[in-house]
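Single-structure report; data block below.
The values are calculated or read from the model by the stated rules, or taken from the named source; none is laboratory data. This is a predicted model, so every value here is computed, not measured. All Cβ positions, glycine included, derive from the backbone under ideal geometry; neighbour counts span all protein chains shown.
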């Protein structure tokens with residue numbers, strides 16, 4: 001994913017406390033300096049997003065497991081991409097992909113990349129958007145802040161699917177920019193600082209795994225040991241997270 005850019009967006013926060021925008025900016029400093037410029041943080045709603053941030057190839061739906069895109073950020077995605085008077089068009093495409101891959105139920109933490117048909121690529125504000133990343137963070141709309149690894153797992157799945165997509169794609173089909181919101185910070189109730197850190201730590205670990213040194217370390221003939229795994233696992237969580245997830 002050396003050439004893939006990401007746009008992290010969140011509307012202006014109304015309540016007190018650290019916003020996702022602030023939390024992302026802090027956590028992104030954990031990435032190698034050469035990778036940080038590929039990650040943009042924008043305070044914006046989807047319909048207010050301006051170029052170059054709106055020129056994404058792929059947008060993430062932090063969906064429910066059944067792909068019903070009628071609430072939260074998914075609602076605004078449906079409004080933006082579906083034809084007039086057919087707001088459920090995007091839902092049908094997402095659900096068809098979930099049915100094909102998971103027989104109707106996409107487990108939370110997974111990611112399915114869905115090519116958008118021409119009828120869902122008519123919004124001139126998003127001229128390059130042609131892939132929907134269905135990344136459920138919950139079975140149905142509910143609190144999921146008890147799940148301490150949910151955001152990390154979902155972000156890792158997204159990175160993996162984008163990497164695999166690009167490995168087999170032509171130059172015209174490659175995903176070069178991904179737009180996304182926070183994961184499960186709305187009705188899911190995940191603390192924004194926890195979300196930001198787990199998103200960035202997943203990116204950090206993924207970049208390491210896909211580096212030349214990482215590929216050698218995780219090569220099929222060289223299986224990892226607990227001494228390799230425990231330092232990675234311990235970085236995902238911080239002391240005090242359990243208080244933020246109750």
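Before moving on, here are some points about what is shown:
- Some residue of region 49-69 being in a helix (DSSP H, G or I) and surrounded by 14 or more Cβ atoms within 10 Å (Cβ to Cβ): no
- Inter-residue pairs, beta-carbon under 8 Å, first assigned to a helix (DSSP H, G or I) and in region 6-25, second modelled with pLDDT under 90, 6+ apart: 20/13; 21/13
- Residue 130 being under 28 Å from residue 171 (Cα atoms) and either in contact with a helix residue (DSSP H, G or I) (Cβ under 7 Å, 6 or more places away or on another chain) or surrounded by fewer than 17 Cβ atoms within 10 Å (Cβ to Cβ) (or both): no
- Any chance residue 203 is within 19 Å of the chain's Cα centre (by Cα), crowded, with 17+ Cβ neighbours inside 10 Å and at pLDDT 90 or above: yes
- Sole exception among (1) modelled with pLDDT of 95 or more; (2) in contact with a helix residue (DSSP H, G or I) (Cβ under 9 Å, 6 or more places away or on another chain); (3) over 18 Å from residue 75 (Cα atoms) for residue 102, by number: (2)
- Screening the candidates 150, 158 for the property of being modelled with pLDDT of 95 or more, touching a strand residue (DSSP E or B) at 6+ places or on another chain (Cβ under 7 Å) and under 25 Å from residue 234 (Cβ atoms) yields one hit, 158.
- Being modelled with pLDDT of 75 or more, out of contact with any helix residue (DSSP H, G or I) (no Cβ under 9 Å at 6 or more places or on another chain) and either within 27 Å of residue 195 (Cα to Cα) or assigned to a loop (DSSP other than H, G, I, E, B) (or both) is a property that residue 208 lacks.
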